[in-house]
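Data first, discussion second: the structure below is written as structure tokens.
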Amino acid sequence: MTSDSPRDSGRAPATGRSRRVAMWLAAAYGVAVVLVGFWGSPVDAAAGPTLDRVIAIAHRHGAPDWFGYGTIESLSNVVFFVPLGLLVVLLAGARWWWAGAAAGLAASACIETAQALFLPARTSSIDDVLANGLGAVLGAAVGVLALAWAEHHRRR
């Protein structure tokens, strides 16, 4: 029996519509990941001075000391991989949430390894792998919730 069968409906299966939308979004997202991950220099290099000014202003207005470039970079890594976990769940169904998390870790490990081996201007980091993996887990959770919500509304 497939995950889309009526007996399995409580597990929030992916639908034809969720798969179609997710396929198009996954293609665009895949291009973005390749461009950002394998760009020859850090993609935020041009934004550095602006980020420094924003951080300085935030500190003057009471932002805690831990709020700095490293925090923004880590949060950016988390946010950038949320779509991967979400798209995997929309394509495969809620039962495959773990595949969204695994895809984030695997893709991130490949990117960081390639940066270490082939892109001397880039800095690879296990912290980036962990942040990206966290983003994929969060995205998978959002996907599970979205499919459960959709399943609930289909049953009404």
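The values are calculated or read from the model by the stated rules, or taken from the named source; none is laboratory data. Please read these numbers as outputs of a predicted model, since none were measured by experiment. Counting neighbours? That spans all protein chains shown, and the Cβs are built from the backbone with ideal geometry, glycine included.
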Looking at segment 119-128, is at least one residue of a type outside the set (V, I, T), assigned to a helix (DSSP H, G or I) and out of contact with any Ser or Thr (no Cβ under 8 Å at 6 or more places or on another chain)? no
Aliphatic (A, V, I, L, M), surrounded by 13 or more Cβ atoms within 10 Å (Cβ to Cβ), touching a helix residue (DSSP H, G or I) at 6+ places or on another chain (Cβ under 7 Å) and more than 26 Å from A22 (Cα to Cα): does that describe I55? yes
Mind checking whether some residue in segment 62-84 is touching a residue at least 24 places away in the same chain (Cβ under 8 Å), surrounded by 14 or more Cβ atoms within 10 Å (Cβ to Cβ) and touching a Ser or Thr at 6+ places or on another chain (Cβ under 6 Å)? no
Could you go through segment 64-72 and let me know if any residue there is at pLDDT below 95 and closer than 22 Å to C110 by Cα. yes
Which one is surrounded by the fewest Cβ atoms within 10 Å (Cβ to Cβ) among residues in segment 103-128 that are touching a residue at least 12 places away in the same chain (Cβ under 8 Å) and more than 21 Å from A45 (Cβ to Cβ)? I126
What is the residue count in segment 28-60 for residues that are among the small types (G, A, S), assigned to a helix (DSSP H, G or I) and closer than 23 Å to N132 by Cβ? 5
Show the residue pairs that are 6+ apart or on different chains and have beta-carbon atoms under 8 Å apart, the first residue being within segment 90-101 and closer than 15 Å to A22 by Cα, the second being in a helix (DSSP H, G or I) and of a type in the set (S, T, Y). L90/S18; L91/S18
Given the options T113, T71, T50, name the one that is hydroxyl-bearing (S, T, Y) and over 19 Å from the mean Cα position of the chain (by Cα). T50
